[in-house]
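The values are calculated or read from the model by the stated rules, or taken from the named source; none is laboratory data. Since the structure is predicted, the reported quantities are computational estimates derived from the model, not experimental observations. Here the Cβ positions follow ideal geometry from the backbone for every residue, glycine too, while neighbour counts run over all protein chains shown.
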Amino acid sequence: MITQATILSTKKLLPAVKNDLQQHHFNVIDESFISFKNIVNFEKSSCINVADEVIVFTSVNAVKAYIENVQHFFIAPTYKRVYCLSGQTLIAAKQLSNITIEGVAENALALARLITADKNIEAVTFFCGDHRRDDLQHHLQQNNVLVNEVVLYESILTPLSINEPIDGLLFFSPSAIDSYLLKNTIAAVTACFCIGDTTAQHLQQKIARQAIVAAQPSQEAIATCVYQFYNKKIA
């Protein structure tokens, strides 16, 4: 495949992923349209200490912030049953001590359904960021599961103006879409690729655009979508 399509990632890509895209003859621009600030303080560490037996993560950043609080305040959490998203969130969650991974799903709503399938779960502690969506909480509350939400990090939009034509856009979160649209528009001919259904739904709500959704919530999977899309386009 020979193409000079320009792909903009709204998140810094892993070196191997970026290199592979370039080896496939794509022009790649990767910029961070969001930054993250962990909230590390006594209040949050206390929440970790008294968390329910079942804890939930829907982002790798929440797991990292949890770990930072545990390490900073020398916490020894009691045994926890973990429900989390797949991909990088699962990889990070496996680093936690004294836990069992009870359930893994590709999006928040599917994860909530796994939790409510266990009729013994009456309450969960949901560790998240300040820009989280309501899908998980809404489903759990509708099914009489108490959700104790603990915000462990802040998402800070860092929009940039992009002054060159973009053929393909990679979005890894709803917040990245919001950040990008603060200073840019998306041309009708630009293909949009999203890490998961939640991000794709947000794009649809914002600008009524359909996106190509990765089969797994990973950079490698979204890159595969790019290869497949452009292979079909030039076939």
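Mind checking which residues of region 103-152 are within 24 Å of His202 (Cα to Cα), touching a Cys at 6+ places or on another chain (Cβ under 8 Å) and not aliphatic (A, V, I, L, M)? The one that is within 24 Å of His202 (Cα to Cα), touching a Cys at 6+ places or on another chain (Cβ under 8 Å) and not aliphatic (A, V, I, L, M): Glu149. Please enumerate the residues belonging to region 114-143 that are surrounded by fewer than 17 Cβ atoms within 10 Å (Cβ to Cβ), over 20 Å from Cys47 (Cα atoms) and touching a residue at least 40 places away in the same chain (Cβ under 8 Å). None - no residue of region 114-143 is surrounded by fewer than 17 Cβ atoms within 10 Å (Cβ to Cβ), over 20 Å from Cys47 (Cα atoms) and touching a residue at least 40 places away in the same chain (Cβ under 8 Å), so the list stays empty. Among the residues making up region 90-129, a single one is of a type in the set (Asp, Glu) and at pLDDT below 95: Glu106. One residue stands out among those in region 14-38 that are within 17 Å of the chain's Cα centre (by Cα) and among the aromatic types (Phe, Trp, Tyr): the one that is modelled with the lowest pLDDT, which is Phe36.
Kindly indicate the residue of region 40-68 that is buried (at least 24 other Cβ atoms within 10 Å of the Cβ) and over 15 Å from the mean Cα position of the chain (by Cα) and also farthest from Ser173 (Cα to Cα) among those meeting that condition.
Residues of region 40-68 buried (at least 24 other Cβ atoms within 10 Å of the Cβ): 55-59, 61-63, 65-66.
Among the residues that remain, those that are also over 15 Å from the mean Cα position of the chain (by Cα) are: 55, 66.
On the way: Ile55: 22, Tyr66: 20 Å.
Looking at residues that are buried (at least 24 other Cβ atoms within 10 Å of the Cβ) and over 15 Å from the mean Cα position of the chain (by Cα), I get Ile55.
Please work out if Val82 is touching an Asp or Glu at 6+ places or on another chain (Cβ under 7 Å), more than 24 Å from Gly168 (Cβ to Cβ), hydrophobic (A, V, I, L, M, F, W, C) and assigned to a strand (DSSP E or B). Judged against the criteria, Val82 is a match. Considering Lys11, Lys37, Lys18, the condition of being of a type in the set (Lys, Arg) and either more than 26 Å from Phe127 (Cβ to Cβ) or buried (at least 19 other Cβ atoms within 10 Å of the Cβ) (or both) is satisfied by Lys18 alone.
For Tyr79, the stated conditions hold: it is surrounded by fewer than 20 Cβ atoms within 10 Å (Cβ to Cβ), more than 24 Å from Ile222 (Cα to Cα) and touching a strand residue (DSSP E or B) at 6+ places or on another chain (Cβ under 8 Å).
In contact with a strand residue (DSSP E or B) (Cβ under 9 Å, 6 or more places away or on another chain), of a type in the set (A, V, I, L, M, F, W, C) and in contact (Cβ under 8 Å) with a residue 12 or more places away in the chain, is that true of Val189? Against the criterion (in contact with a strand residue (DSSP E or B) (Cβ under 9 Å, 6 or more places away or on another chain), of a type in the set (A, V, I, L, M, F, W, C) and in contact (Cβ under 8 Å) with a residue 12 or more places away in the chain), Val189 does not qualify.
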